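J.: Sharing a structure below in structure tokens format, with a few things to ask.
The values are calculated or read from the model by the stated rules, or taken from the named source; none is laboratory data. From a predicted model like this one, the values you see are computed outputs, not experimental measurements. Note that each Cβ is placed from the backbone with ideal geometry, even for glycine, and that neighbours are counted across all protein chains shown. Just the protein is used for accessible areas: all its heavy atoms, side chains included, with ligands, DNA and RNA removed. Shrake-Rupley method; radii C 1.70, N 1.55, O 1.52, S 1.80 Å.
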Amino acid sequence: MLSKRIQTLSPSLTIAITVLALELKASGKDILSFSAGEPDFDTPDVIKNAAKDALDNGKTKYTAIPGTPDLLEAVAGKLKRDNNLEYAPNMIQTNNGAKHSLFNLFQAIIDHGDEVIIPAPYWVTYPEVVKYSGGVSVVIETDDESGFKITPEQLKNAITPKTKALVLTTPSNPTGAVYTKEELEGLAEVLEGTDVLVISDEMYEKLVYDGVEFTATASISDDMFQRTITVNGLSKSAAMTGWRFGYLATPHTELVGVMNKLQSQSTSNISSVTQAAAIPGLDGSADEVVEEMRQAFEARRDEACDLINAIDGLSVVKPDGAFYLFINIKEVTNDSMEFAKGLLEKEGVAVVPGVGFGSEGYLRFSFATDIETIREGVKRIERYIQTVK
């Protein structure tokens, strides 16, 4: 009954572990979850009030497929203000989160056998959507020593006549790595003269630490602007995970047009109320609250890194962005799935095994929770390690 295509698709490991942790907690077990990629903060009031106003004013009807004119203008304004990037409204599409953006994009650009370069560790969705679209993922390995970032030489060696696109995530999920302007310029130099597209996932753009400056990939040069499709949203920076809002931008209006056609036959427009709520998340109205969240995440990151690095057998590179620690457990075990399973069963701590991100020997630990929970969780991890070493 099932198609061969759908049977190739794997469920999201991060969501699966989060659901399992919730089920165990609901059954009465003492569970501390560090698996979800979700801020623990509430959505800013200015955003919630915009949604309420939309409801009160009857903005509950169908809209244009890519979004309302006001929303598309807000996205364009955000990209100009924050990233110095000029996009017209017809170069933008809004989606039900970044996963939806990526699904539309890969369905629009990938033919059978096309290759997509994906640095590892990677967000679990990338290779799955590439595979579902008929493409082939070409994975470039990175590790602690490289800061979990690829080099121009690695990129050059990975490009073949079949290469259709490169996926860059900055800041990274799961490592928190942030590419500097100079590092992006080095990658851009390799891409000059090729037809390789760049898909730049910038969802954690607002969550960078220690004075690190975020650089949008498309801003590097005109050549990079022309080849880059920027994917972003408000799930992480504005704590809007459940609202389902993402967007993409590209100077290629033909590409946006075919993605609009695809979306018209699938979800149609995204929620009209979410569209109205997203505008103050884009136009700077929520920036003060976002900065408060960023500062809280930075303080949690600092303490969590110190606690983890004090445990014999564990180490972690302090991330420059996002809200994850990608913890090296290779001195303890190289089986991250078995480690995560045992940690959940014996100590009630939920983390995501690195194998799900394409990098064995690591765990992803989200510090998007309160500091007391982080401290207790790390204590339990240390206690568990004593039983398996």
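J.: Given R₀ = 45 Å, what would the calculated FRET efficiency be for Met337 paired with Asn90, taking r from the Cβ atoms and rounding to 0.05? Present the calculation step by step, with values, prior to reporting the outcome.
T.: Details: r = 45 Å, r/R0 = 1.00.
Once the sixth-power term is evaluated, E becomes 0.50.
J.: Taking 25 °C and 0.890 mPa s as the conditions, I'd like the Stokes-Einstein D for segment 121-216 in µm²/s, using the Kirkwood hydrodynamic radius from alpha carbon pairs.
T.: 173
J.: If the limit is 24 Å between Cα atoms, which of Lys4/Lys156; Lys78/Lys149; Lys236/Lys346; Lys162/Lys236; Lys48/Lys181; Lys131/Lys164 go over it?
T.: Numbers: Lys4/Lys156 33 Å; Lys78/Lys149 27 Å; Lys236/Lys346 30 Å; Lys162/Lys236 34 Å; Lys48/Lys181 35 Å; Lys131/Lys164 13 Å.
From Lys4/Lys156; Lys78/Lys149; Lys236/Lys346; Lys162/Lys236; Lys48/Lys181; Lys131/Lys164, over 24 Å: Lys4/Lys156; Lys78/Lys149; Lys236/Lys346; Lys162/Lys236; Lys48/Lys181.
J.: Leu55 to Lys330: extension gain in nm, 0.36 nm per residue of separation minus the Cα-Cα distance?
T.: Here the answer is 93.8 nm.
J.: Just how large is the dipole of segment 265-389 about the Cα centre, in debye to the nearest 20, putting +1 at every Lys and Arg Cβ and -1 at every Asp and Glu Cβ? Intermediate results must be reported in sequence, preceding the final value.
T.: Numbers: 13 positive and 21 negative charges, 104 e Å.
It works out to roughly 500 debye.
J.: Under unit Cβ charges (Lys, Arg +1; Asp, Glu -1), what dipole magnitude, rounded to 20 debye, does segment 72-150 have relative to its Cα centre?
T.: Charge dipole of segment 72-150: 420 debye, to the nearest 20.
J.: Also: In the Gaussian network model of the chain, springs joining C-alpha atoms below 10 Å, which of Ser264, Ser235, Ser101 carries the largest mean-square fluctuation?
T.: Maximum fluctuation in the GNM of the chain, among the listed residues, is at Ser264.
J.: I need the peptides 214-221, 333-340, 152-159 ranked by packing, meaning the mean over residues of other C-beta atoms within 10 angstrom, with the highest value on top. Mind dumping the intermediate values first?
T.: Values: 214-221: 21.1, 333-340: 18.1, 152-159: 15.4.
Going by the mean number of other Cβ atoms within 10 Å, highest first, we get 214-221, 333-340, 152-159.
J.: Shifting gears a bit: Angle, helix 253-264 long axis vs. longest principal axis of the chain, Cα atoms, 0 to 90°, nearest 10?
T.: 70
J.: Quick one: net charge around Gly113, please, counting Lys, Arg +1 and Asp, Glu -1 for every other residue with C-beta under 15 Å from its C-beta. Mind dumping the intermediate values first?
T.: On the way: positive: Arg5, Lys131, Lys162, Lys164; negative: Asp111, Asp114, Glu115.
The answer is +1.
J.: Same structure, new question: What distance in nm lies between label points placed 7 Å from Cα along the C-beta direction at Arg81 and Glu376?
T.: 3.9
J.: Here's something else I'd like to know. Can you tell me the accessible area per residue over segment 234-389, all protein chains present, probe 1.4 angstrom, in square angstrom? Don't jump to the answer; show the numbers that get you there.
T.: Details: 5930 Å² over 156 residues.
Dividing the accessible area of segment 234-389 by its residue count gives 38 Å².
J.: Let me ask you something else. How do the peptides 51-57, 133-139 rank, highest first, by the average count of neighbouring beta carbon atoms within 10 Å per residue? List each step's numbers first, then the result.
T.: Details: 51-57: 13.4, 133-139: 17.7.
The packing order, highest mean first, is 133-139, 51-57.
J.: Here is a follow-up. Positive end of the charge dipole of segment 1-145 (Lys, Arg +1 and Asp, Glu -1 on Cβ, about the Cα centre): tell me which of Ala120, Asn84, Leu22 has its Cα farthest that way.
T.: Leu22
J.: Between the helical axis of 287-309 and the dominant principal axis of the chain, each derived from Cα atoms, what acute angle in degrees is found, rounded to the nearest 10?
T.: Rounded to the nearest ten degrees, it is 30.
J.: Follow-up question, since we're still on this one. Let me have the 222 nm mean residue ellipticity of the chain computed from DSSP H runs of 4+ only, each contributing -39500 (n - 2.57), with the sum over all residues rounded to the nearest 500.
T.: Working: 14 runs with 165 residues, N = 389.
Theoretical 222 nm ellipticity from helices: -13000 deg cm²/dmol.
J.: Can you tell me the dipole magnitude for the chain around its Cα centre, using point charges on the Cβ only (Lys, Arg +1; Asp, Glu -1), in Debye to the nearest 20? If you can, show how the numbers build up before the last one.
T.: Details: 36 positive and 56 negative charges, 304 e Å.
Charge dipole of the chain: 1460 debye, to the nearest 20.
J.: Only one of the values [x] 1.03; [y] 1.09; [z] 0.97 was calculated from this structure for Cα Rg over 2.2 N^0.38 Å; name its label.
T.: From the options [x] 1.03; [y] 1.09; [z] 0.97, the structure gives [z].
J.: Below 8 Å between Cα atoms, with a sequence gap of 6+, how large is the relative contact order for the chain in percent?
T.: Values: 732 pairs, mean separation 90.8, N = 389.
Answer for the chain is 23 percent.
J.: Separate question: Determine, for each peptide in 6-12, 296-302, 163-169, 223-229, the mean count of other beta carbons within 10 angstrom over its residues, then list the peptides with the highest first. Provide the component values of the computation, followed by the final result.
T.: Working: 6-12: 10.3, 296-302: 18.4, 163-169: 23.0, 223-229: 20.3.
Those peptides, ordered most packed to least, come out 163-169, 223-229, 296-302, 6-12.
J.: How much net charge surrounds Asn328 when only the other residues with a Cβ under 13 Å from the Cβ of Asn328 are counted, with Lys and Arg +1 and Asp and Glu -1? Write out the running numbers ahead of the final one.
T.: Working: positive: Lys318, Lys330, Arg364; negative: Asp143, Asp144, Glu145, Asp312, Glu331, Glu360.
Neighbour charge sum, excluding Asn328 itself: -3.
J.: Rounded to the nearest Å, what's the spacing between the alpha carbon centres of segment 264-333 and segment 40-71? Just the number, please.
T.: 23
J.: Between segment 152-199 and segment 336-363, what's the alpha-carbon centroid distance in Å?
T.: So the two Cα centres are separated by 29 Å.
J.: Under a 5 Å amide H to amide H cut-off, with H placed in plane at 1.01 Å, what residues pair with Ile199 once short-range neighbours are removed?
T.: Leu166, Val167, Leu168, Ile229
J.: Largest first, how would His112, His100, His252 line up by accessible area (1.4 Å probe)?
T.: Details: His112 175, His100 25, His252 75 Å².
Result of the area sort, largest leading: His112, His252, His100.
J.: Between Leu20 and Lys162, 0.36 nm times their residue separation minus their Cα-Cα distance comes to what? Let's see the in-between values first.
T.: On the way: separation 142, 0.36 × 142 = 51.12 nm, distance 3.92 nm.
Here the answer is 47.2 nm.
J.: Going by alpha carbons, how many degrees (0 to 90, nearest 10) lie between the helix axis of 13-26 and the longest principal axis of the chain?
T.: That helix lies at roughly 60 degrees to the long axis.
J.: When DSSP beta bridges are limited to those with both residues in the chain, what percentage is antiparallel, rounded to the nearest 5? Intermediate values should be presented prior to the final figure.
T.: Working: 18 of 38 bridges.
About 45 percent, rounded to the nearest 5.
J.: May I ask you to derive the FRET efficiency for Lys318 and Val136 from their Cβ-Cβ distance with R0 = 35 Å, giving the value to the nearest 0.05? Could the numbers behind the result be given before it?
T.: Working: r = 34 Å, r/R0 = 0.97.
Efficiency, rounded to the nearest 0.05: 0.55.
J.: List the relative contact order of segment 101-159 as a percent without decimals, with contacts defined as Cα pairs under 8 Å and 6+ residues apart.
T.: Values: 73 pairs, mean separation 20.0, N = 59.
34 percent.
J.: Whenever you get a sec, line up Tyr62, Tyr126 from highest to lowest accessible area (probe 1.4 Å, protein heavy atoms). Spell out each step's value before the answer.
T.: Details: Tyr62 205, Tyr126 5 Å².
Of Tyr62, Tyr126, the descending order of accessible area is Tyr62, Tyr126.
J.: Gln295: net charge of surrounding residues, Cβ under 14 Å, Lys/Arg +1, Asp/Glu -1, itself excluded?
T.: Details: positive: Lys206, Arg294, Arg300, Arg301; negative: Asp210, Asp287, Glu288, Glu291, Glu292, Glu298, Asp302, Glu303.
So the surrounding residues net to -4.
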